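K.L.:
Below is the structure I would like to discuss, written out as C-alpha cells.
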Amino acid sequence: MGVIIAFFVMLLWGGHLFWILVNVPVDPANFWFWVHMLLQAYLFTGLFITAHDAMHGTVSRNRKLNNVLGFAATLLYAGMWYPMLQKNHYKHHLYPATGEDPDYHTGSQNFFVWWFSFMKHYITWYQLVIMAILFNIGLLFFTELQLIVLWIVPSILSTFQLFYFGTYRVHRRPHTPEMEPHKSRTQGRNHLWAMLSCYFFGYHYEHH
C-alpha cells in the first residue's frame, strides 16, 4: 500500500504540474489560477512527506525499493539529495530541539529567522545546479513566468507548510513537561484537518 500511495502522490504531482503549465494562464485575477497554484504547493508537500516516510522505511518493506522511491521523491521535490536528508533527519530524531538538531534554531524563535536557518541546512550547490538545468530545459517548452509562478513558487510555499507544521509549531519553545522526551507537541485530533494541513505530519509527538 505504501508503494501504491507513493506512486500515486508522484503521479498526481507530475500530472498536475504538467497540466497547469499547459492549460492554466498566469492570471492573478483568475480564481482558478490561485486554486491550482496552491494545490500544486500541497502536492509538493505530499512529495516531501513521501520522501520522509521512506527515510523511516515505511514506504516499502523492500529496503532497496523504499530508498529508490525516497530518492526519486526528493529529486522531484527540488533536486535534493536523499542520503543527506536521511542523515539530518536521523539527527533530528536523536537530538530533537537541541543544538545537535539540524532542524532546530537554538537562538531566535522568530518564524522567518528559523525558516531561513532551517533551509540553509538543506540547500546545496549541486541542488541549485540541477534546478538550473531543469529550469533551462523547461524554457524550451514554457515561459519563464510560467515556470517561476507555477513550478518554483509552489515548491517554496510547500517549504513553509512543512516547516510550520513539522518543525516550528511542534518544537518551538516553551518546552513543557508533557512534550518530553521528544520536545514535541501535537495538533488536535481532527483527521481531516490533519490531512489537509500537512498529511498528518502535525501528529508530531506521536511521530517521534
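K.L.:
Let me check something: with ligands and nucleic acids excluded, how do Leu43, Leu38, Leu65 order by accessible area (1.4 Å probe), largest to smallest?
P.N.:
On the way: Leu43 20, Leu38 100, Leu65 65 Å².
Solvent-accessible surface, decreasing: Leu38, Leu65, Leu43.
K.L.:
Could you check which residue among Met55, Met179, Met37 shows the biggest mean-square fluctuation in a GNM of the chain with a 10 Å Cα cutoff?
P.N.:
Result for the chain, Cα springs under 10 Å: Met179 fluctuates most.
K.L.:
Can you tell me the orientation of helix 111-120 relative to the chain, as the angle in degrees between its alpha-carbon axis and the longest Cα principal axis, to the nearest 10?
P.N.:
Approximately 80 degrees, to the nearest 10.
K.L.:
Calculate for the chain the 222 nm mean residue ellipticity that helices alone would give, adding -39,500 (n - 2.57) per DSSP H run of length 4 or more and normalising by residue count, nearest 500 deg cm²/dmol.
P.N.:
Numbers: 10 runs with 127 residues, N = 208.
For the chain, the value works out to -19000 deg cm²/dmol.
K.L.:
Any idea what angle helix 125-138 forms with the longest principal axis of the chain, computed on alpha-carbon atoms, 0 to 90 degrees, nearest 10?
P.N.:
The angle comes out near 30 degrees.
K.L.:
What is the percent carbon and sulfur in the accessible area of the chain, measuring with a 1.4 Å probe over the protein chains and ignoring ligands?
P.N.:
Working: 7910 of 11300 Å².
Summing carbon and sulfur atoms, their accessible area is 70 percent of the total for the chain.
K.L.:
Here is a further query. Given Cβ point charges of +1 (Lys, Arg) and -1 (Asp, Glu) and nothing else, what value in debye, to the nearest 20, does the dipole of segment 71-191 about its Cα centre take? Let's see the in-between values first.
P.N.:
Numbers: 9 positive and 6 negative charges, 49 e Å.
Approximately 240 debye in magnitude.
K.L.:
Just tell me the longest site-free run in the chain, where the sites are trypsin sites (Lys or Arg not before Pro) in a DSSP loop having at most 11 other beta-carbon atoms within 10 Å. List each step's numbers first, then the result.
P.N.:
Numbers: sites that count: Arg61, Arg189.
Longest site-free region, per DSSP loop and neighbour criteria: 62-188.
K.L.:
Identify all aspartates and glutamates with a Cα-Cα distance to Lys120 below 12 Å; exclude those on the same chain that are fewer than 8 residues away in sequence.
P.N.:
Counting by Cα, and skipping residues close in sequence, Lys120 has these aspartates and glutamates nearby: Asp103.
K.L.:
Just to check I understand the Karplus step: with θ = phi - 60° and J = 6.51 cos²θ - 1.76 cosθ + 1.60, what whole-Hz values come out for segment 156-166, glycine and proline as x?
P.N.:
Karplus values, whole Hz, x for Gly and Pro: 5, 4, 5, 5, 5, 4, 5, 5, 5, 7, x.
K.L.:
So, one more: What accessible area per residue, rounded to a whole number of Å², is obtained for segment 86-188 using a probe radius of 1.4 Å?
P.N.:
Numbers: 5640 Å² over 103 residues.
Per residue, segment 86-188 has 55 Å² of solvent-accessible surface.
K.L.:
Any chance you could check the Cα centroid distance between segment 12-38 and segment 104-123 for me, in angstrom?
P.N.:
One Cα centre to the other: 30 Å.
K.L.:
Given the options Asn67, Thr124, Gln109, identify the residue whose Cα lies farthest towards the positive end of the charge dipole of segment 56-134 (+1 on Cβ of Lys, Arg; -1 on Cβ of Asp, Glu).
P.N.:
Farthest towards the positive end: Asn67.
The values are calculated or read from the model by the stated rules, or taken from the named source; none is laboratory data. Predicted model, so just to flag it, every value in this text is computed and none were measured. Neighbour counts are summed over all protein chains in view; Cβ atoms, including those assigned to glycine, are modelled from backbone coordinates with ideal geometry. To get the accessible areas, we keep the full protein, side chains included, count just its heavy atoms, and leave off ligands, DNA and RNA. Shrake-Rupley method; radii C 1.70, N 1.55, O 1.52, S 1.80 Å.
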